[in-house]
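The values are calculated or read from the model by the stated rules, or taken from the named source; none is laboratory data. Predicted model only: the values in this text are computed from it and were never measured. So basically every Cβ, Gly included, is an ideal-geometry build from the backbone, and we count neighbours across all protein chains shown. SASA here: full protein model, heavy atoms, side chains in, ligands and nucleic acids out. Shrake-Rupley method; radii C 1.70, N 1.55, O 1.52, S 1.80 Å.
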Amino acid sequence: MNNKNIIVFEKVNSNVLIYIFFKFYLKKKNKKIYYIYSTSKLSKLIIKIYRYFGFEFIKLKFRMIDIRNENGEIYSLIIQNKELFDFEKSYFKFLNLIVSENKENNLNHYVAKSIFADFVINKNTPFRLIYLINVLNQIFDTKKAKKECIFYIVNRPCLNLYVEYAKNKEIKILSYSKYRSQIVYKLIIIKIYIKIIIKSFIRKFNIFEKLNTSNNHNYKLFCERQYQPNLILNGEKSDLLWLLNSNFLVKDTLYDCKNPKEVSKLNKFGINTSVNLFSLDFQYHKIIDYNYIYSLFLKTDIEKSNIFYHLCNYEYLYNKWLNYFKTHNIKIFLNWYKYDSSHIPITDAINSIGGISTFFQPNFEGVPFYGCKLFTDIYFCNSKLSVFIDKKTPSHVNHHVITGCPNFMITSEMIAKSKEIRRKILNNGAKQIVCVLDENSAPDERWHTGDQLQKDNYIYIIDELLKNKAIGVIFKPKFSYGLRRKLKNAYKLLEEAISTGRCYVYDQIEDKSQKFAKTTPILAALSSDLVVHSHLIAGTAAIETALHGIPTILIDRESAKNSVIYETLNKINIYNNWPDTIKAINENLFRDKKNELFGNWKDCIEYFDPFRDNRGSERIGNCLKDLIDGYKKNLDKDRIIEIALKNYVKKWGKDKII
């Protein structure tokens, strides 16, 4: 190692700083140290002291929105769309040597997805490390630079994969804290088994009343929650749209509530409930070969310790859900959240008792994302395009059922509310109303596209509103809670816009307990002449509004050129920034000669929903009814699915089952 090398540490703490002192000062090596983050006030103090010994510590500054490939696409999208798949493929070669494949469960896939599907916002994840390697590649231009870039990282599983990947970027990876990493994994594993021992003790001595398996034939469907058990079709989101819009019987439904208030509300409606399902005691069933697995725990190899940790988690979740399903006589599991590995042991648990796992698609996916990899019996998809993307992921789905988008039916109450908001805005001088749909963000712009991108969604259009008295604006935040924090000083600008009477913000009351926005984009869009979806890569809401015939355009600042939207939608409806978008709005909304293609999805909307009748939730619910009816007739699982799909084909066409 020479003094011309670029030295980068993933993180610096007191232990690492001691390591740096002995490695670089006493051996008279390069004292210019770059780092990603420091972990304590003590480490910051030590860094100041080290300056007297000739060290120069530089914290790397970067923004996710700036880390792009040669085509301008932000690299975080490329990692999700391609590189995590490549890493998993390489990892399976090693994993299959440790854990043999089993047709009865998806252990290997659970381990792999647990490792690779975590988000960049979380430290020590593959996503973050792959991303950081590309950050260094861009900042130091390692391909062209004559200096060698050495990246010191905390030791972790899959290290060899990262070393090889970084080598192709002209970056050398070295690890530290090897033994500490092994100890951390073992402590986590011990914690899991302490939980298991406590549960076994409770069961053995009957400290709490046990819940026994139900033997009656009142088979149920369990609906996984998003904590939005809204029972009224009023434009607010609900976990139960499929139930409210179909012939499925409420008495055959089970919903897990988070508080007694929800229990009372749902019970009055006729829905069965439980409260905080994971507080239940459970019978423990061994599904792993412990004689072999325990040997992994004793290994000092961090790879095997990591595998052991995930196998323990799998078995723990499997047993929790198996107990829950048996206790409540559940035969159908309905879910939507597929973005991590947690659904895999649930699918295996329901399958083990002859049940059926089902998922529906609430969000549009324009490209295959690693986190979208799904394991289920039946997947209710929006369109053939959705099936195409899902198979490229590739998911493990036995039957794709095309239902169209599971949207709200537009009710008279929704129309009345939207008309009232529109009337107020027009009465204050507006001639045309633009609805702006934003996205989620995080304040640290290193690990997310950041708050500034979201601030721009407000600043540019508000600036135009204050200059142009003919324009009105409706904002529909994805997360209304935290909007003030996100906008910072721009919040005063929003307040000024609201004071004109030509600006309205949905979900204006900030509610900490409400994790997700209550209002659907449809309700906000009904008052508008044009919808602007500010992030093409997350185009679900744009498709929903376009399906209702509301002119809709998209902004793509992330440069998601691989999205199927680019292949289907006319380019007049896609813009790269807000200034160009506002120019297009003025040219098409406030002039006599409007381009008829502006905001028009007529030629491509069938790619996203072949039905275009807003009955997706109804189709899902009625298909689920056919499934539960099969259990009431004591048919076996395969025969139940066969009959339900035949009924679906008879009503909606053979091309809707893939």
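Observations
- For segment 421-461, the set of residues classified as open to solvent by less than 50 Å² (accessible area, probe 1.4 Å), of a type in the set (A, V, I, L, M, F, W, C) and either part of a helix (DSSP H, G or I) or within 13 Å of Leu487 (Cα to Cα) (or both) consists of Ile421, Ile425, Ala442, Leu453, Ile461, listed by residue number.
- Only one of the numbered conditions (1) out of contact with any Asp or Glu (no Cβ under 8 Å at 6 or more places or on another chain); (2) within 15 Å of Val436 (Cα to Cα); (3) in a helix (DSSP H, G or I) is not met by Ile522, and that is (1).
Residue by residue, here is whether (1) assigned to a loop (DSSP other than H, G, I, E, B); (2) free of Cβ contacts under 8 Å to residues at least 60 places away in the same chain; (3) under 23 Å from Leu241 (Cα atoms); (4) β-branched (Val, Ile, Thr) holds:
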| residue | (1), (2), (3), (4) |
| --- | --- |
| Asn363 | yes, no, yes, no |
| Gly366 | yes, no, no, no |
| Gly371 | no, no, no, no |
| Lys391 | no, yes, no, no |
| Pro394 | yes, yes, no, no |
| His399 | no, no, yes, no |
| Gly404 | yes, no, yes, no |
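- Residue that is nearest to the chain's Cα centre (by Cα) [pool: residues in segment 324-341 that are farther than 20 Å from Ile271 by Cα and buried (at least 19 other Cβ atoms within 10 Å of the Cβ)]: Lys338
- The condition of being over 16 Å from Ala524 (Cα atoms), surrounded by 15 or more Cβ atoms within 10 Å (Cβ to Cβ) and touching a strand residue (DSSP E or B) at 6+ places or on another chain (Cβ under 6 Å) holds for only one of Leu487, Leu483, Leu465, that being Leu465.
- For segment 618-633, residues that are in contact (Cβ under 8 Å) with a residue 40 or more places away in the chain and open to solvent by 60 Å² or more (accessible area, probe 1.4 Å) total 1.
- Residues in segment 599-617 that are among the charged types (D, E, K, R) and open to solvent by less than 40 Å² (accessible area, probe 1.4 Å): Asp609 only.
- Within segment 603-642, the set of residues being among the hydrophobic types (A, V, I, L, M, F, W, C) and touching a Gly at 6+ places or on another chain (Cβ under 6 Å) comprises Phe611, Ile640.
- Val111 being among the β-branched types (Val, Ile, Thr), open to solvent by 20 Å² or more (accessible area, probe 1.4 Å), in a helix (DSSP H, G or I) and under 23 Å from Ile302 (Cβ atoms): no
- The set of residues from segment 279-335 being out of contact with any Leu (no Cβ under 9 Å at 6 or more places or on another chain), modelled with pLDDT of 90 or more and aromatic (Phe, Trp, Tyr) comprises Tyr318, Phe325.
- In the set (1) loosely packed, with under 13 Cβ neighbours inside 10 Å; (2) of a type outside the set (Asp, Glu); (3) touching a His at 6+ places or on another chain (Cβ under 9 Å), Ser76 fails one condition alone, (1).
- The number of residues in segment 323-345 being in a loop (DSSP other than H, G, I, E, B) and among the aliphatic types (A, V, I, L, M) comes to 0.
- Among residues of segment 47-61 that are assigned to a loop (DSSP other than H, G, I, E, B), those with a beta-carbon under 9 Å from a residue that is β-branched (Val, Ile, Thr) and open to solvent by less than 30 Å² (accessible area, probe 1.4 Å) at least six positions away or on a different chain give the pairs Phe55/Ile20; Phe55/Ile33; Phe55/Ile47; Leu60/Val8; Leu60/Ile36; Leu60/Val135.
- The condition of being closer than 23 Å to Pro406 by Cα and at pLDDT 95 or above holds for only one of Ile565, Ile658, that being Ile565.
- Qualifying positions in segment 231-267 - assigned to a strand (DSSP E or B), open to solvent by less than 20 Å² (accessible area, probe 1.4 Å) and over 15 Å from Asn622 (Cα atoms): Leu254, Tyr255, Asp256, Cys257
Yes or no, residue by residue, for (1) modelled with pLDDT under 90; (2) crowded, with 20+ Cβ neighbours inside 10 Å; (3) on the phi < 0 side of the Ramachandran plot:
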residue	(1), (2), (3)
Ile36	no, yes, yes
Thr39	yes, no, yes
Leu45	yes, no, yes
Glu56	yes, no, yes
Lys59	no, no, yes
Ile65	no, no, yes
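- Scan of segment 551-589 for residues that are over 29 Å from Ile67 (Cα atoms) and in contact (Cβ under 8 Å) with a residue 60 or more places away in the chain, ordered by number: Ile585, Asn586, Leu589
- For Gly549, the criteria (1) closer than 28 Å to Trp652 by Cα; (2) assigned to a helix (DSSP H, G or I) hold in every case but one, which is (2).
- The residues of segment 431-471 that are over 16 Å from Ile582 (Cα atoms) and touching a Gly at 6+ places or on another chain (Cβ under 9 Å), listed by number, are Ser441, Ala442, Pro443, Asp444.
- Subset tally (residues that are assigned to a loop (DSSP other than H, G, I, E, B), in contact with a helix residue (DSSP H, G or I) (Cβ under 8 Å, 6 or more places away or on another chain) and modelled with pLDDT of 95 or more) for segment 462-490: 1
- Residue check for Ile121: under 23 Å from the mean Cα position of the chain (by Cα), under 26 Å from Val12 (Cα atoms) and modelled with pLDDT under 90: yes
- Boolean, Phe369 is surrounded by fewer than 21 Cβ atoms within 10 Å (Cβ to Cβ) and more than 19 Å from Asn622 (Cβ to Cβ): yes
- Segment 634-647, subset among the basic types (Lys, Arg) and open to solvent by 80 Å² or more (accessible area, probe 1.4 Å), residue nearest to Ile657 (Cα to Cα): Lys646
- The condition (being under 21 Å from Asn108 (Cβ atoms) and touching a strand residue (DSSP E or B) at 6+ places or on another chain (Cβ under 7 Å)) is satisfied by just one residue among Phe375, Phe360: Phe375.
- Contacts under 6 angstrom Cβ, first residue in segment 309-327 being touching a residue at least 12 places away in the same chain (Cβ under 8 Å), partner hydroxyl-bearing (Ser, Thr, Tyr), 6 or more apart: Tyr309/Tyr185; His310/Ser114; Tyr314/Tyr110; Asn319/Tyr284; Lys326/Thr213
Yes/no per residue for (1) within 30 Å of the chain's Cα centre (by Cα); (2) more than 30 Å from His400 (Cα to Cα); (3) among the acidic types (Asp, Glu):
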{"residue": "Arg557", "(1), (2), (3)": "yes, yes, no"}
{"residue": "Asn570", "(1), (2), (3)": "yes, no, no"}
{"residue": "Tyr575", "(1), (2), (3)": "yes, yes, no"}
{"residue": "Lys583", "(1), (2), (3)": "no, yes, no"}
{"residue": "Phe608", "(1), (2), (3)": "yes, no, no"}
{"residue": "Leu624", "(1), (2), (3)": "yes, no, no"}
{"residue": "Asp629", "(1), (2), (3)": "no, no, yes"}
